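> What follows is a single structure, and I will ask about it in a moment.
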Amino acid sequence: MKLYYIPSVCSLASHILLNEMGVEYQLEKVQSKTKLTETGQDYLKINPKGFVPALELENGEVITENIAVLCYLAEQDPQQKLMPTTSLGRARVFEWLGYLNTELHAAYVVFFRNKLNEQEKEEAYRELNSILKYVNDKIEGLTWLVENSFGPVDAYLYVMTEGSTHLGHDLTPYPNLIAFRERIEQRPSLQLARQQE
Ligand SMILES: N[C@@H](CCC(=O)N[C@@H](CS)C(=O)NCC(=O)O)C(=O)O
């Protein structure tokens, strides 16, 4: 498998899962501006949408979209620890990933894709804070989000909330989220991914 990534953006979640799985894989960096990969490939031929992550399989198939890549990887985990085995557990994974992708990811993306005026910024922060409050309340007392076992939702939530670090947005009103982020930062899978990126 090969993961196409841009350092320190949402593709880091898939990178964390690959390290959790302990399987062999390749990494190929994509340049955000030129859309060329580090080996000189035109990334738009690999993913015409232009976004990372993209995961290329041994048979040449390419999977795009965070949710699809994360779920595919979790299901390939040789130790079968990353994806719940019950229908309800899997539904919880999709429920969280859907919410994080369409609401939280979107709430951060607004800041990075647009030049916001003061009023737009205020509205965007209001929306972001209301989502973070929901997540913070929902994870009270939990170590990991689904069945208290580390998996794709945790990797994605961690990487999404990196947006606050990039923005200089204060997470102190969300102590459960801060503690959750500190737990992930202890994981060798993330530490290794950071070095590799
Ligand atoms: N719908 C896509 C969006 C992914 C996305 O927004 N990726 C960003 C990084 S977080 C990206 O590739 N941006 C292009 C760039 O930075 O050049 C998904 O969920 O996978």
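> Assuming GLU20 fulfils every condition listed in (1) farther than 21 Å from GLU185 by Cβ; (2) of a type in the set (D, E, K, R); (3) in a helix (DSSP H, G or I) apart from one, which condition is it?
For GLU20, the failing item is (1).
> If I ask for residues that are touching a helix residue (DSSP H, G or I) at 6+ places or on another chain (Cβ under 6 Å), within 12 Å of the ligand (Cβ to nearest atom) and either part of a strand (DSSP E or B) or among the acidic types (Asp, Glu) (or both), which ones from segment 50-81 would you list?
Within segment 50-81, ALA54, LEU55, ILE63 qualify.
> A further question on this structure: Just to be sure before I move on: is LYS45 basic (Lys, Arg), away from the ligand (no atom under 14 Å from the Cβ), over 17 Å from GLU162 (Cβ atoms) and surrounded by fewer than 24 Cβ atoms within 10 Å (Cβ to Cβ) in the structure I sent?
yes
> Which fully enclosed helices (runs of 4 or more DSSP H) of segment 82-197 have 1 or more residues being closer than 24 Å to PHE51 by Cβ and under 14 Å from the mean Cα position of the chain (by Cα)?
Per the criteria, 87-99, 106-113, 152-167, 175-185, 188-196.
> Taking the condition of a type in the set (Phe, Trp, Tyr) and either under 24 Å from TYR43 (Cα atoms) or within 16 Å of the ligand (Cβ to nearest atom) (or both), does TYR108 pass?
Against the criterion (of a type in the set (Phe, Trp, Tyr) and either under 24 Å from TYR43 (Cα atoms) or within 16 Å of the ligand (Cβ to nearest atom) (or both)), TYR108 qualifies.
Coordinate-derived values only; no laboratory data. Everything numeric in this text was worked out from a predicted model, so none of it was measured. As a convention, Cβ positions derive from the backbone with ideal geometry for all residues, glycine included, and neighbour counts pool all protein chains shown.
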